[in-house]
Amino acid sequence: MTETKGNPDNPSDLQTPGATEPDAGAGALAELPAEAQKRLEDEVAALKERYLRLAAEYDNYRKRTAKERIEVWAKAQGDLIERLVDGLDDLARFAGVDQAADVKALHEGVELVNRKVWKALDGVGLVRIDQAGVPFDPKVHEAVTTAPAPAREQDHTVGSVFQAGYRLGDTLIRPARVLVLTWKDESA
């Protein structure tokens, strides 16, 4: 028979000889302070290394995307210039034409160059804003001056265009500079 120590009235207080004392956390592993400090230092070092790697990866990503953006912009500019060089070559030929050349032939040549350049610009999505008689839109028009509208229906419409505007896709390159018609009610 084994001998027990402790209070016989409280069964959890009884202990048999050779049994070890229960840990203060009942099931939790006790860790010595030096071991805990070493483990935490290792975890901090691992997290610091991970942070530094992520920071370096982000920096490399930022530099790579900036370089790619510059390359894409340069390629886009090169593509546009490639579309325009034929027209520029034609204009250079006009500079070397004899001044006594036929004015009608020169006019036709300039018109051909104009169409060639606009075909290239249309190909990249450039839109000319130069219509008169359309409603005034401050998003695409710049009102330079106003004039009286001959009829109420023409109130706040574009009367004439002084300088064409341009839009590339959804981006306004330059607003059209226009005269805006305004109706003045004379009966009031």
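Counting other Cβ atoms within 10 Å, which trypsin sites (Lys or Arg not before Pro) in segment 156-188 have at most 15 and lie in a DSSP loop?
On the way: sites: 167, 177, 184; in loops: 184.
Here the trypsin sites (Lys or Arg not before Pro) that fit, given the DSSP loop and packing criteria, are 184.
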Order of exposure, largest accessible area first, which applies to 118, 73 with probe 1.4 Å: 73, 118
message: Under a crude label model (7 Å from the Cα following the beta-carbon direction), how far is residue 39 from residue 142 in nanometres?
response: 7.1 nm
task: Work out the FRET efficiency for residue 50 and residue 30 from their Cβ-Cβ distance, taking R0 = 35 Å, and round it to the nearest 0.05.
output: 0.75
query: What is the local net charge at residue 155, summed over the other residues whose Cβ is closer than 10 Å to its Cβ (Lys, Arg +1; Asp, Glu -1)?
result: 0
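Over every pair of different alpha-carbon atoms in segment 35-188, take the mean of 1/r and invert it; report that Kirkwood radius in Å.
Details: mean 1/r = 0.0464 Å⁻¹.
After inverting the mean inverse Cα-Cα distance, the result is 21.5 Å.
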- line: For the table 63/119; 119/139; 116/139; 67/139; 75/116, the rows whose alpha-carbon distance is greater than 31 Å are 63/119; 67/139
HN-Hα J in Hz across segment 97-102 - Karplus 6.51, -1.76, 1.60, θ = phi - 60°, x for Gly and Pro: 6, 4, 5, 8, 5, 4
- request: Could you run the Karplus curve 6.51 cos²θ - 1.76 cosθ + 1.60 with θ = phi - 60° over segment 55-68 and give me ³J(HN,Hα) per residue in whole Hz, x for Gly and Pro?
  value: 5, 5, 4, 5, 4, 5, 4, 4, 5, 5, 5, 5, 5, 5
Distance in nm between pseudo-label sites at residue 122 and residue 81 (7 Å out along the Cβ direction from Cα): 2.6 nm
- prompt: Length gain on complete extension for the stretch residue 61 to residue 156, per 0.36 nm per residue less the alpha carbon to alpha carbon distance?
  reply: 29.2 nm
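The values are calculated or read from the model by the stated rules, or taken from the named source; none is laboratory data. Note that the structure is a prediction, hence the values are computed from the model and not measured. Ideal geometry is used to build each Cβ from the backbone, glycine not excepted, and the neighbour counts take in all protein chains shown. In case anyone asks, the SASA skips ligands and DNA or RNA and just uses the protein heavy atoms, side chains included. Shrake-Rupley method; radii C 1.70, N 1.55, O 1.52, S 1.80 Å.
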